[in-house]
């Protein structure tokens, strides 16, 4: 029992940091150096997704657009949170940035890091993402990227969500939703 309370005490600062980051950050990187780092991470993440599942190429080619979150950090001890930044593309062209924040309440313990891609089936689903603060529980509809998974995947309510774990282990039986904010590129 002592190790669980110790783990809880150690995880509390991480969870607080994630929740503060979600509230304080803006969807767009603050500096050109930050933008370059994010862009490099996005390129690497796309490569990793395509390596994990070559059939995912049909989503990259056939969707109206997509948001790539190369690093989403998640932590929880009863109450949890997650945060990540993305680049958003329309027909393969960078159009802006987005961020993801998530809060959960329930039986959850642990931490993980993963990448997430949201594909938008048509102009309407992408326009909704760009013009409103979208909220949905991507975990319920997310598909783990693995060989051939995208071959049979389908859009649900105009989106298809794929995740690729990068590390960590999380036990979770929680309720919560992912919220997204979009910022167009400065012209």
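Points worth noting:
Table: residues versus (1) modelled with pLDDT of 75 or more; (2) touching a helix residue (DSSP H, G or I) at 6+ places or on another chain (Cβ under 9 Å).
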residue	(1), (2)
108	no, no
111	no, yes
136	no, no
145	no, yes
153	yes, yes
169	no, no
173	no, no
180	yes, yes
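- Total residues in region 9-23, condition within 13 Å of residue 99 (Cα to Cα) and at pLDDT 50 or above: 0
- Every pair of residues 6+ apart whose Cβ atoms lie under 9 Å, when the first sits in region 22-46 and is assigned to a helix (DSSP H, G or I) while the second is exposed (fewer than 11 other Cβ atoms within 10 Å of the Cβ) and modelled with pLDDT of 90 or more: none
- From 94, 126, 100, residue being closer than 20 Å to residue 60 by Cα, modelled with pLDDT of 75 or more and either under 12 Å from the mean Cα position of the chain (by Cα) or surrounded by 21 or more Cβ atoms within 10 Å (Cβ to Cβ) (or both): 126
The values are calculated or read from the model by the stated rules, or taken from the named source; none is laboratory data. Quantities reported herein were computed from a predicted structural model and do not represent experimental measurements. When we count neighbours, we look across all protein chains shown, and the Cβ atoms used for this are built from the backbone with ideal geometry, even at glycine.
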